[in-house]
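To start, the structure itself, in structure tokens.
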Amino acid sequence: MEKNIVLPLLVFFPMVAAVLSYLIGRKNKEARNIWVSIVTFLVMIGTFMLVGKDASYSLPGFCSLGLSFEGDGLRVILAIVTSSIWFITTLFSKEYFTHFCNRNRYYFFMLMTLGATLGVFLSGDLYTTLIFFEIMSFTSFVLVIHEEKESTIRAAKSYLGVAIIGGLVTLMGLFLMYHMAGTLNIDALAEFMAAQEDKRAFYAVGVLILFGFAAKAGIFPLHTWLPESYPAAPAPATALLSCVLSKAGIFGVLVLSCKIFLHDANWGGFILFLGVITMVLGAVLAVFSVNLKRTLACSSMSQIGFIVVAIGMQGLLGSHNALAAGGTILHVINHSLLKLVLFLSAGVVYMNLQKLNLNEIRGWGKDKPLLKISFLMAVLGIGGIPFWNGYISKTMIHESIVEYIEILHEAGLATGYMQTVEWLFLFSGGLTLAYMTKIFVALFVEKNPYAEGNSKNIHEPYMSKLSAILLIVCAVILPVIGVVPHMTADKIADASYHFMGAHAPEHAVHFFAWINLKGAVISVVIGALVYFLFIRKVLMVKDHNGNLVYVDRWPVGLNLENKIYRPALLSWLPFIGAFFARLAASLTDGFISILRMLIFNDDTGRVVPPEDQYFSTYADSDDDEEVYGEGFAKSLLMIGIGLAVAMLYILF
Amino acid sequence: MNGFATILPVIFPIIAGVALLPVKFKNRKQREAWVLSITIINTIFALYAIYFAEAGVVTLFHFSERLSLTLHVDGLSKVFGTMVSILWVITTVYAFEYMTHEGREDKFFAFFTMTYGVVLGVAFSGNFLTMYLFYEFLTLATLPLVMHAMDDKARHAGKTYIFYMMFGAALAFIAFVFLYCYGDGLEFVYGGVLNRQLVAGNEYTLQIVFLAAFFGFGVKAAVLPFYRWLPKASVAPTPVTALLHAVAVVKSGVFAIVRLIYFSFGTEFLIGSWAQSVILIAAAITIVFGSTLALRMPHIKRRFAYSTISNLSYIVFGAALMTPAGLTAGLLHMIYHAVIKITLFFTAGAILYKTHREYLYEVEGFGRLMPITFLSMALTGVSLVGVPPFAGFHSKWALATAAVQSGNPVAYIGIFALIISAVLTALYIFYIIVRAYFPRKKEYPKGYYEHVSDPNYYMTVPLVVLTIITVVIGLFPSNLLSILEKVATGII
């Protein structure tokens, strides 16, 4: 562990630069674009400088408990992924945002989010993690709401709501953890937990901490904001959300699963359960979607499910978890790279057409080979086709499930549920291929029967040279990782084993042996079946002109957010809260109105100036007795009687 | 001479305020010069008395052998006194501009200056009697400020105000009598003054008396069920609501409660008793109650007023834990809330002053037109919510930690209340900020955006200064914490 000033600089430099970019942007837009690019580039260089150095840095006293940063294998890898993707999207933003307003605001919050995200990934204790996690949530909210349309505002508010509630629940968990363990330092916590015999009391705390991170990652049942917010944000911001910010949630899950509940089968089983539901649900939602970005968003959710399944398998496999650990980190990185290409492509589509509905953008990419090939690379990658990167990580995760089934089998335990998991895993892989084929075919293969407006300006380039180069570079990386996994993927996995408490596997995985290819083949078959039998038959209908069009057949009622979360948070709970608040308030009011009845007189039939209602009344007749009986004098009489009673009480 | 240094910051503004009453100033500039110099001079006096005089106990007046009026600057006085004297100057500057549209400024500033001395009197009091005296004075001195507008609403608010205050003081008086009978004296001594031999056998009575006094002082601290006056008093001019109802008056109530628990009855006597459970629960209920109602208020100032109710009970809750850690957390929140809430009220006042808009739905889309105002509101609002690493986060963290450490099962209810309230706080604050920056409609009726711009520097400078203070004490709370810890353990 060496002290390294680069760590805090990586976090705080972008934040300072954000302020500068705002100031520069008010004077000169072009200079600002250059400045932002330089900043993200420098940050990227900075993260690469951390490679191989086991760096750490702490700022005691800052924010009372102090901040601490660490830069070991996994953290540095995540930081490099973050900063590289940030750099690429920043370059891409320049063209995408040409016709947008409020670009200053966008760049300001984008850089703030960069610093905060790096803060999350490089954090050495959970307190630091939480601080930057919260900053990240709030600054990214502004990125989501950027377009300020009605639907955007609604989606962004869900995003903010989830961030606030998630953050607070996590805070509660951390705070209980701090009380129980006396520290929040991640390594110290790992030691502390390893020494605990009975972990039952910690599961509840773990679930609380998990809540906020799971919400950010989009894990079921906290995924509802995700299919709304991702499409609502501008494409570069969506790319950041999907490629990086969701991984911040995953980082939290990793800390919980690999440090606090290391090799804990109960916890692993729980995480696996969440992961399987997320994986399948996301894929199903994506199959039904008819909006390009929404499909990609649901796909993100599904892929996060794959990652979470891998994390769960780490817990179940205990100390033999190298395959699952490698699968986790590789799928994190692969997903980031894949989604970067996909969302940037979606950005290109939206930039030209201002539309995302599959029926409207249909056939637009037919004559655009560059975009088509880049997109195809990502489709093949995410579909888990051999020789593309997604295949590598999915194989490792699949292998780990198979391995666990064997272990169970040898131990003579029931393997039924794990076999279900395996089949669901392959099924989701198939669905992935099916929905990716759906959007690929729609965008690049089919002819659009109603394509009058879309094909104009055919001679103008549909994206700038810079964007094209970025897209190509990102797309080329995908098969490279897939073809030579032992030179690329294995290196990354090796660097991360330490963090995840795993040891490198005894023998290298033979990715292209039949036993491993079999899984991919099954998935491809399932995908083909789903595509041809379900998507083309059920999700497409002939319209009145006899053309096949995509229809959204997802039942409207089946929406967790609209049916349960929003009513619960916006109607039921406020009602109950207000009811009790009224009740509490009326306690005082009741007390006071009794006092009023006793002391003051506000009966009708007298001249009472409205503002003096309770001070005095003026009799309109000169009947002394009446006034004496009802007026201010009565009050005095009452007080006198009260005093007399008190006197009597004291005397006897 | 040192004794005089302690008395001066209390007496000087009272005399100056009385002297200002009959004076008719020629113009605004002249009055501003006078009032500002009195305030600044007194702040210097106050800070001198707090940090350099070291006068010990200063006796003002002897009634009898055991009854006297004394001033004594101890650790707690230092915290409260410093907070008040710094915020007072800032508020005065803000008030100059704001009051131009309220009128009758001569009278306003006279009472405003007087109140300064009275609040410092509460802070510097050396025994229960003196505190009680200044506490009553505070009610009287602030009444004209609350009723400043003198219309029906203001008069009604003023009446409610004075009834509640008198009622509270009467309850507190009971404790005064009992402390006189069962204690070794009325001085504030860390750990309490109750005499064990006299107390033996009368614990139950004394606990009831303690509760009476707690709720008596709790009137100013707006503890349920005696909170009604506070939202009503938000009809007062903004500098008054900001300073008096977010800082001086309500914090005097909290301050008195701290004195009552830690310096009069003593935690040893109270800790673990049913009386402690009662006050913890009262505080927890008020926390949730205030936040819930704040969420339902469309009137911006009233929303902040209910938010104040909730936040005051955070402090009371911390104090009611009766551990040094609890008191530290409570005091930390006291300081944070003072700075944050005064800023929030100032922003609401700036909107009201420039545009005469008072409701949430009337300020949509103002964020960009009043950049300084709304940036201040956003930053301090985020601090109030307790988004790390901003101010409110640390105090809430400290409060929750202290609650768990205290080991009191009732305190867990309080933690639960803190979490619920945090969610509600986030909702009621972000609601305004999000609406202001992201209006729901694209078009608004003609004239909607007229006059919408930042006010002049009289108002923006205090806002900027306060926002900077909020952010800085939020990012670097360690020094503050170590001082407060010393105060809470009775070292200074």
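Laid out as a table, the results:
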quantity	calculated
Which listed residue is within 30 Å of residue B:330 (Cα to Cα) and touching a residue at least 60 places away in the same chain (Cβ under 8 Å), from B:39, B:43	B:39
Matching option when the condition is closer than 22 Å to residue B:107 by Cα and modelled with pLDDT of 85 or more, among B:182, B:204, B:161	B:161
So residue A:406, is it in contact with a helix residue (DSSP H, G or I) (Cβ under 6 Å, 6 or more places away or on another chain) and farther than 26 Å from residue A:484 by Cβ	no
Residues of the range B:218-242 satisfying the condition of being more than 11 Å from chain A (Cβ to nearest Cβ) and not hydrophobic (A, V, I, L, M, F, W, C)	B:218, B:220, B:232, B:234, B:237, B:238, B:239, B:241
Residues (aliphatic (A, V, I, L, M) and more than 9 Å from chain A (Cβ to nearest Cβ)) located in the range B:419-434	B:429, B:432, B:433
Test result for residue B:442, within 14 Å of another protein chain (Cβ to nearest Cβ) and not in a helix (DSSP H, G or I)	yes
Options A:436, A:463: the member that is touching a Gly at 6+ places or on another chain (Cβ under 7 Å) and either farther than 24 Å from residue A:533 by Cβ or at pLDDT 85 or above (or both)	A:436
Count of the range B:265-309 residues which are closer than 17 Å to residue B:254 by Cα, within 14 Å of chain A (Cβ to nearest Cβ) and surrounded by fewer than 21 Cβ atoms within 10 Å (Cβ to Cβ)	2
Filter result (surrounded by 21 or more Cβ atoms within 10 Å (Cβ to Cβ) and either away from chain B (no Cβ under 14 Å) or assigned to a helix (DSSP H, G or I) (or both)) within the range A:45-68	A:47, A:50, A:55, A:57
Test set (1) assigned to a helix (DSSP H, G or I); (2) out of contact with any strand residue (DSSP E or B) (no Cβ under 9 Å at 6 or more places or on another chain) - residue B:23 fails condition number	(1)
Every residue from the range A:207-234 that is in a helix (DSSP H, G or I) and surrounded by fewer than 24 Cβ atoms within 10 Å (Cβ to Cβ)	A:207, A:208, A:211, A:228
Residues located in the range B:225-265, provided they are part of a loop (DSSP other than H, G, I, E, B) and either outside the structural domain of residue B:82 (by TED's automatic domain parsing) or in contact with a His (Cβ under 8 Å, 6 or more places away or on another chain) (or both)	B:236, B:237
Count of residues meeting criterion [basic (Lys, Arg) and more than 11 Å from every other protein chain (Cβ to nearest Cβ)] in the range B:378-404	0
Residue in the range B:175-197 that is within 14 Å of chain A (Cβ to nearest Cβ) and either out of contact with any strand residue (DSSP E or B) (no Cβ under 8 Å at 6 or more places or on another chain) or surrounded by 18 or more Cβ atoms within 10 Å (Cβ to Cβ) (or both) present	yes
Any pair with Cβ under 7 angstrom, 6 or more apart, that starts in the range B:365-379 at a residue that is of a type outside the set (D, E, K, R) and ends at one that is in a loop (DSSP other than H, G, I, E, B) and buried (at least 23 other Cβ atoms within 10 Å of the Cβ)	B:374/B:366
Filter result (crowded, with 23+ Cβ neighbours inside 10 Å and not aliphatic (A, V, I, L, M)) within the range B:62-80	B:77, B:80
Single residue of B:369, B:360, B:375 found to be within 14 Å of chain A (Cβ to nearest Cβ) and either at pLDDT below 90 or more than 20 Å from the chain's Cα centre (by Cα) (or both)	B:375
Qualifying residue in the range A:238-254 (condition: in a helix (DSSP H, G or I), among the aromatic types (Phe, Trp, Tyr) and touching a residue at least 40 places away in the same chain (Cβ under 8 Å))	yes
Test: residue in the range B:472-482 that is out of contact with any helix residue (DSSP H, G or I) (no Cβ under 6 Å at 6 or more places or on another chain), buried (at least 19 other Cβ atoms within 10 Å of the Cβ) and under 30 Å from residue B:355 (Cβ atoms)	no
Residue in the range B:310-320 that is within 14 Å of chain A (Cβ to nearest Cβ), under 18 Å from the mean Cα position of the chain (by Cα), among the hydroxyl-bearing types (Ser, Thr, Tyr) and buried (at least 24 other Cβ atoms within 10 Å of the Cβ) present	yes
Any hit, the range A:274-283, residues being part of a loop (DSSP other than H, G, I, E, B) and on the phi < 0 side of the Ramachandran plot	no
Test: residue B:415 is more than 10 Å from chain A (Cβ to nearest Cβ), in contact with a helix residue (DSSP H, G or I) (Cβ under 9 Å, 6 or more places away or on another chain) and either among the hydroxyl-bearing types (Ser, Thr, Tyr) or crowded, with 18+ Cβ neighbours inside 10 Å (or both)	no
Single unsatisfied condition, residue B:35 versus (1) more than 19 Å from residue B:125 (Cβ to Cβ); (2) over 26 Å from the mean Cα position of the chain (by Cα)	(2)
The range B:208-234, residues that are of a type in the set (A, V, I, L, M) and in contact with a Gly (Cβ under 9 Å, 6 or more places away or on another chain)	B:219, B:221, B:222, B:223, B:224, B:233
Among residues of the range B:348-369, those that are in contact with a Pro (Cβ under 8 Å, 6 or more places away or on another chain) and either hydrophobic (A, V, I, L, M, F, W, C) or closer than 20 Å to residue B:91 by Cβ (or both), counted	5
Count of residues meeting criterion [over 25 Å from the mean Cα position of the chain (by Cα), surrounded by fewer than 19 Cβ atoms within 10 Å (Cβ to Cβ) and among the hydrophobic types (A, V, I, L, M, F, W, C)] in the range B:10-32	4
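For every residue, the table says whether it meets (1) within 14 Å of another protein chain (Cβ to nearest Cβ); (2) part of a helix (DSSP H, G or I).
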site: A:491; (1), (2): no, yes
site: A:494; (1), (2): no, yes
site: A:524; (1), (2): no, yes
site: A:546; (1), (2): no, no
site: A:553; (1), (2): no, no
site: A:568; (1), (2): yes, yes
site: A:576; (1), (2): yes, yes
site: A:580; (1), (2): yes, yes
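The values are calculated or read from the model by the stated rules, or taken from the named source; none is laboratory data. Note that this is a predicted model, so its numbers are computed, not measured. Cβ coordinates were reconstructed from backbone atoms using ideal geometry, including for glycine residues, and neighbour counts include every protein chain displayed.
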